[in-house]
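For reference, the structure discussed in these notes is given below.
All of the numbers you see were taken from the coordinates with simple rules; none came from a lab. If you're wondering where the values come from, they're calculated on a predicted model, not measured in any experiment. As a convention, Cβ positions derive from the backbone with ideal geometry for all residues, glycine included, and neighbour counts pool all protein chains shown.
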Amino acid sequence: MTKLFDPIAIRELALANRIVVSPMCQYSAVEGRATDWHLVHWAQMMMSGAAMFTIEATAVTPEGRISPGDLGLYDDACEEAVANALARARAQCPPIAVAMQLAHAGRKGSSYAPWDGGALIPREQGGWTPLAPSAIAHGEDETPPAALDDPGLLRIRGAFAESASRAARLGLDALELHMAHGYLLHEFLSPLSNRRSDRYGGSFEGRVRFPLEVFDAVRAAWPAGKPLGVRLSCTDWADGGWDLEQSIELSRALVARGVDWIDASSGGVSPSQKIPLGPGYQVRFAGAIRRATGATTVAVGLITDAAQAATILAAEDADMIAMARAFLWDPRWAWHAAAALGAGVSPPRQYSRAAPRNAPGVFGGAKIGQR
């Protein structure tokens, strides 16, 4: 049951355990630039005891933001802001791998933050025209996006590669490409959102072409020794949509290209989706892809307690566990999981007296006196 706290190596990156903090949009950037909120949030997550913290979905172009408050890595000002906040957080936190999820929102761009309703922002209120594979709106009452032409595809592919180069300069340890949750690369994959008649649409081979081109461009721009993973929506949960069988085939193609993990999520491309929510409801996708392709997989979705996470790994349904809301609710989740499973983590030394007496192993058994 302690496999959750076993180390794992991915390319040249050595992780102390199998716990990952998932990317979580904060909708708190200014013109794509990280703010003091990010400094505070990142520092909390970097002291969590997880082996790797993933910075939120980070836009590769201004129109690729979900909202005006989304983080970006598309110009020098964005890069400088991330560098400043990250350096300050790292200086105060125990060593932890820091990844970033690169993304383009596609037709879900130009939206209000969730706490402001999440609807598309009209141009007269500061919005912009979202871009997508086809001019098909996400919701029936929404204005359709603009369909991307060949120059647009070339520009976005180049933007992903440029953001990867910026991430390398920032000293980030890993990248994840966002091909899930109804954003641009997922929109290309799904027949529900991709109605193109050119080589980027129609057949499975056509629909996966642009996402694979983006992966290849990012892999080429990203240092060879550093991992590059992919988050997939393994099913659209909607009739006629993307499904697990197609996810397995895409994962095979990604494995052949050197993908370092598949983060197995689901949904997001269709308002008609019917998701059977329940504890670990997406774990079977990670297990199926792992067994069919040999890919390293990450399980995510309503995984909330230590025993549940450890059982998933013991059953070999995944190689790592990623959590988002669980860490927002309890930023010390990994500390408490270590105590429950008899494992250890490395906290900031200022907090090393925090472990209760019935959890002597949580901080490696260190005994810190008090005057």
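Assorted remarks:
- Close amide H contacts of Ala180 (hydrogens built in the peptide plane, cut-off under 5 Å, sequence separation of 5 or more or a different chain): His186, Ser233.
- Of all aspartates and glutamates in the structure, the ones whose alpha carbon falls short of 15 Å from that of Lys274, not counting any fewer than 8 places away in one chain, are Asp236, Asp239, Asp243.
- Cross-link reach is defined here as a Cα-Cα straight distance under 12 Å, omitting same-chain residues fewer than 8 places apart; for Lys3 the aspartates and glutamates meeting it are Glu316, Asp319.
- Antiparallel %, DSSP beta bridges [both residues in segment 2-331], to 5: 10
- Distances between placed amide hydrogens fall under 5 Å for Met100 paired with Ile55, Ala174, Leu175, Glu176, all partners being 5 or more residues away or on another chain.
- Contact order for the chain, expressed relative to its length and based on alpha carbon pairs under 8 Å spaced 6+ residues apart, stands at 16 percent.
- Residues considered: Leu15, Leu71, Leu232. Largest GNM mean-square fluctuation over the chain, using C-alpha springs under 10 Å, is found at Leu15.
- Computed FRET value (nearest 0.05) for Arg196 with Ser352, which takes r as the C-beta separation and R₀ as 45 Å: 0.20
- Longest site-free stretch - the chain; sites: GluC sites (Glu not before Pro), DSSP loop, at most 11 other Cβ within 10 Å: 141-371
- Within a Gaussian network of the chain (alpha carbon springs, distance under 10 Å), most fluctuating of Arg353, Arg209, Arg195: Arg353
- Measuring r between the beta carbons of Thr143 and Glu80 and using R0 = 51 Å, the FRET efficiency lands at 0.90.
- The dipole here belongs to segment 44-132: it is taken about the Cα centre, uses +1 on the Cβ of Lys and Arg and -1 on the Cβ of Asp and Glu, and is about 240 debye.
- Loop chymotrypsin sites (Phe, Trp or Tyr not before Pro), segment 101-210, which have at most 16 other Cβ atoms in a 10 Å radius of their Cβ (DSSP): Trp128
- Only the Cβ atoms of Lys and Arg (+1) and of Asp and Glu (-1) were treated as charged; on that basis the dipole of segment 2-331 about its Cα centre amounts to roughly 540 debye.
- For Arg33, distant residues with modelled amide H under 5 Å away: Gly72
- The angle separating the long axis of helix 150-169 from the principal Cα axis of greatest extent in the chain is about 20 degrees.
- Taking Cβ atoms as reference points and 9 Å as the exclusive limit, the residues near Ala77 contribute a net charge of -4, counting Lys and Arg as +1 and Asp and Glu as -1.
- Label assignment, Cα extents along the principal axes in Å derived from the structure, set (i) 64, 48, 43; (ii) 93, 48, 30; (iii) 70, 43, 39: (iii)
- Rounded tilt (10° steps) of 204-221 against the dominant C-alpha axis of the chain: 50
- Rounded to whole Hz, the Karplus (6.51, -1.76, 1.60) HN-Hα couplings of segment 277-293, x for glycine and proline: 4, x, x, x, 5, 9, 4, 4, 5, 4, x, 5, 5, 4, 6, 7, 10
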